[in-house]
Amino acid sequence: MFMLGTTTLYLCHMPMFCKEDHHYQMTLQVSLDAASMATYLADKAGNPGSAYNLINLDTCQFTLPDLATGAVTTYPAIIYRDYSNDGGGTPSNPIVQSATVTVERVLYYRAFDQNIPRPDNLSYILFGDGQQAHLDHYIAADPDFQHLLTLPEAPNWLSVTQLKAGVLVTFPPPSTPIGCSSPLAPGSYPVQFQGIATATVPLQVGDTFWYSTGNMLNMNDPCASQGAMAMGEPVAVA
């Protein structure tokens with residue numbers, strides 16, 4: 001799972017259409033033990049352009065439905081700085097060998113159903129804590145892409161309660177074709193709140209945190225030969 005946020009910590013699962021146990025899009029609000037959180041924050045402050053990844057230890061096996069139902073609420077994990085899609089997914093530098101992850105709540109959870117039509121336009125889950133806000137691309141059908149961003153600032157047209165609960169926003173660009181780099185350049189976009197055409201509001205987007213069509217997300221990566229961005233290498237954040 002990718003780690004987002006510093007004021008509140010979120011985990012975004014790395015979905016895989018080709019593996020049944022990863023056939024879900026899921027975002028968790030979590031906390032770490034104090035020592036691990038301090039290490040993560042210090043390391044992230046020194047490496048603002050890096051992606052951070054958290055993987056449960058082999059000694060603690062569970063499924064995503066276990067997290068969704070509350071059967072598992074805490075588990076040990078390794079925290080890594082940097083990630084590559086090489087070899088089907090490879091974390092790089094371990095910064096914490098055994099962090100204790102506590103699941104505070106399930107913010108978003110959806111099993112994939114390819115009978116549900118893909119949205120016509122780019123759709124994202126918008127969430128945060130009021131101090132920070134993030135976007136997670138709504139993944140619909142194979143092929144698709146994972147796209148994570150932290151916004152320059154939380155939008156003022158949402159209450160903190162709505163932002164904490166998470167909402168869907170729709171951007172003007174169409175959802176297809178699937179590209180090999182971020183479809184959203186930094187700037188302001190008129191987005192539809194929950195897809196309502198009469199509820200169009202501005203949203204400021206910054207640099208991409210993670211974009212990937214790889215890591216076994218799709219049965220066949222449409223960007224396998226397109227270089228680093230197609231392979232999901234992190235983009236430096238200004």
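How far apart, in nm, are the 7 Å Cα→Cβ label points at Ala197 and Asn220?
The modelled label-to-label distance comes out at 3.6 nm.
Given points 7 Å out from each Cα along the Cα-Cβ axis, report the Asn121 to Glu20 separation in nanometres with one decimal.
In this crude label model, Asn121 to Glu20 measures out at 3.8 nm.
Note the full-extension length gain between Asn93 and Leu41 as 0.36 nm times their separation in residues minus their Cα-Cα distance, in nm to one decimal.
Gain in length upon complete extension: 17.2 nm.
For each cysteine in the chain, check whether another cysteine's C-beta sits under 4.7 Å from its C-beta; list those where none does.
Lacking a cysteine Cβ partner under 4.7 Å: Cys12, Cys18, Cys60.
I need the shape label for segment 125-182. Rule: rounded when a/c is under 1.5, else prolate if a/b > b/c, else oblate, with a, b, c from the alpha carbon gyration tensor. Walk me through the intermediate numbers first.
Numbers: a/c = 2.41, a/b = 2.19, b/c = 1.10.
Because a/c hits 1.5 or more and a/b exceeds b/c, segment 125-182 counts as prolate.
Which peptide among 17-26, 187-196 comes first, and what is the full order, when sorted by highest mean count of other Cβ atoms within 10 Å?
17-26, 187-196
Could you work out how much longer the chain between Asn56 and Val167 gets when fully extended? Use 0.36 nm per residue separation minus the Cα distance between them, nm to one decimal.
37.2 nm
Please sort 121-133, 158-170 by packing, taking for each peptide the average over its residues of neighbouring beta carbons within 10 angstrom, highest first.
Result, highest mean first: 121-133, 158-170.
I'd like to know how segment 1-132 sits against the 2.2 N^0.38 Å rule of thumb: what's its Cα Rg over that expected value?
On the way: Rg = 15.1 Å, N = 132, 2.2 N^0.38 = 14.1 Å.
So the Cα radius of gyration is 1.07 times the expected 2.2 N^0.38 Å.
In Å, what Rg and Dmax follow from the Cα atoms of segment 81-156?
For segment 81-156, the Cα radius of gyration and maximum Cα-Cα distance read 15.8, 42 Å.
What is the chain's relative contact order, in percent, from Cα pairs under 8 angstrom and six or more apart in sequence?
Numbers: 562 pairs, mean separation 47.0, N = 238.
Reported as a whole number, the value is 20 percent.
Just from its helices, what would the mean residue ellipticity at 222 nm be for the chain, if runs of 4 or more DSSP H residues each count -39500 (n - 2.57) and the sum is divided by every residue, rounded to the nearest 500 deg cm²/dmol?
After summing the helix terms and dividing by the residues of the chain, the value is -3000 deg cm²/dmol.
Would you calculate the separation in nanometres between label points at Glu104 and Asp207, each defined as 7 Å from the Cα along the Cα-to-beta-carbon direction?
2.6 nm
Only the coordinates and a few stated rules stand behind these numbers; no lab work does. Here the structure is a predicted model, which is why all the values come from computation and not from measurement. Positions of Cβ are generated from backbone atoms using ideal geometry, with glycine treated the same way; all protein chains shown enter the neighbour counts.
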